Amino acid sequence: MGNDFFENLSETLSRTAKDISEKAENFYESQKLRNQISGEERIINKTMRNLGNLIYKRYEKGEAVDEEVAALCGEICQHKNKMEGLKKSAANRQGQKICKSCHNAISGDAAFCPYCGEPYTDEKEAPEKESSEKEAQEAEEEKEVNTEEESGEE
Ligand SMILES: [Zn+2]
């Protein structure tokens with residue numbers, strides 16, 4: 001009877017030890033699987049971002065995209081513009097300006113960007129000059145046409 005008791009006890013103990021090691025191994029394997037799952041998730045998310053960037057670049061180039069894609073790209077574009085405005089305000093507050101080529105903040109009196117080497121042109125003056133030059137050119141062309149017509153009639 002005493003032997004039975006000890007035999008049962010040792011059997012119970014070895015079963016318990018086996019259960020514990022099984023549980024530990026299960027825990028370890030589950031942890032390993034969870035890590036593998038998050039690894040795959042990270043790769044998927046990164047690839048999704050790359051896919052989005054690819055499509056957005058095509059949209060920026062003016063390539064045809066479907067309506068849903070265009071709506072999302074438009075949303076991104078709006079936020080990009082907003083961010084550029086905010087960056088500009090932040091740079092202004094520190095006496096800096098934003099390079100139009102690489103979008104880094106550069107010193108307010110820099111003539112060239114130290115990051116990309118692009119010359120800094122003031123946004124407000126450049127397009128006005130261009131349009132007034134264009135208008136002058138167009139006016140001259142109109143004059144030429146008028147004189148041609150006049151000389152033709154005479
Ligand atoms: Zn730059």
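The values are calculated or read from the model by the stated rules, or taken from the named source; none is laboratory data. Values in this document were obtained by computation on a predicted structure and should not be read as measured data. Positions of Cβ are backbone-derived with ideal geometry, glycine not excepted, and every protein chain shown enters the neighbour counts. All accessible areas refer to the heavy atoms of the entire protein, side chains included, with ligands and DNA or RNA removed. Shrake-Rupley method; radii C 1.70, N 1.55, O 1.52, S 1.80 Å.
Of note:
- Residues that are surrounded by 13 or more Cβ atoms within 10 Å (Cβ to Cβ) and acidic (Asp, Glu) within segment 88-120 comprise just one, 118.
- Per this entry, residue 56 is counted among residues that are in contact with a Leu (Cβ under 9 Å, 6 or more places away or on another chain), of a type outside the set (Gly, Ala, Ser) and either at pLDDT 95 or above or in a helix (DSSP H, G or I) (or both).
- Hits in segment 1-25 (condition: part of a helix (DSSP H, G or I) and open to solvent by 100 Å² or more (accessible area, probe 1.4 Å)): 3, 5, 6, 7, 11, 13, 15, 18, 20, 23, 25
- Of all residues making up segment 84-99, the number that are assigned to a loop (DSSP other than H, G, I, E, B) and out of contact with any Ser or Thr (no Cβ under 9 Å at 6 or more places or on another chain): 2
- Test result for residue 69, outside any helix (DSSP H, G or I), surrounded by 11 or more Cβ atoms within 10 Å (Cβ to Cβ) and away from the ligand (no atom under 16 Å from the Cβ): no
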